[in-house]
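What follows is a single structure, written as C-alpha cells, with notes after it.
The values are calculated or read from the model by the stated rules, or taken from the named source; none is laboratory data. Keep in mind that this is a model prediction, so the values were computed, not measured. Reconstructed Cβ throughout: ideal geometry from the backbone, glycine too, with neighbour counts over all protein chains shown. Quick note on the areas: whole protein, heavy atoms, side chains included, nothing else; ligands and nucleic acids left out. Shrake-Rupley method; radii C 1.70, N 1.55, O 1.52, S 1.80 Å.
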Amino acid sequence: MGRLMFMRVLGQGQSRWWPIFERVQRQAHLFGEMMEHTGAASGAAARDGRGVAFAAAARRCLACPHAGECRNWLDHTAGSEAPPFCPNADYLSRVKA
C-alpha cells in the first residue's frame with residue numbers, strides 16, 4: 001500500500017506522514033471561502049484561461065504566507081473586494097459574478 005493510500009486509511013493521522021497535508025487543506029478551504037466572500041463566480045473562475053488561471057490562483061494561495069490574516073479578514077469583514085495582502089486579489093476581481 002502506497003504512503004498516500006496509507007494516509008487516507010489513517011484519517012486524522014495524515015499530517016504525521018505528510019506534514020504539508022494540513023497546509024494544503026487549510027489553504028484550499030481559505031481559497032474557497034475567499035471566492036465566496038468576494039462574490040467570485042465559480043463558473044467564470046473555471047472558464048478563465050480554460051482553468052489554467054484557476055490552477056495558478058490555487059497555487060498562489062497555497063504559497064501565500066498570510067493564512068492567519070486571511071482567516072481573520074474572512075471572519076471579520078463583510079463581502080467585498082479581496083484584501084490588499086491577497087495574492088489573488090486581481091484574479092478574484094476579474095471573476096466576480
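For this structure, a couple of remarks:
- Yes/no for A45 being aliphatic (A, V, I, L, M) and open to solvent by 40 Å² or more (accessible area, probe 1.4 Å): no
- Hits in segment 1-47 (condition: modelled with pLDDT of 55 or more, more than 29 Å from P84 (Cα to Cα) and in contact with a Phe, Trp or Tyr (Cβ under 9 Å, 6 or more places away or on another chain)): W17
- When residues of segment 85-97 are limited to those that are modelled with pLDDT under 95 and not in a helix (DSSP H, G or I), the one surrounded by the most Cβ atoms within 10 Å (Cβ to Cβ): V95
- Filtered residues of segment 49-97 (kept if among the charged types (D, E, K, R) and farther than 18 Å from R26 by Cα): R50, E81, D90, R94, K96
- Condition met for G51 (touching a residue at least 12 places away in the same chain (Cβ under 8 Å) and either open to solvent by less than 30 Å² (accessible area, probe 1.4 Å) or closer than 19 Å to A97 by Cα (or both)): no
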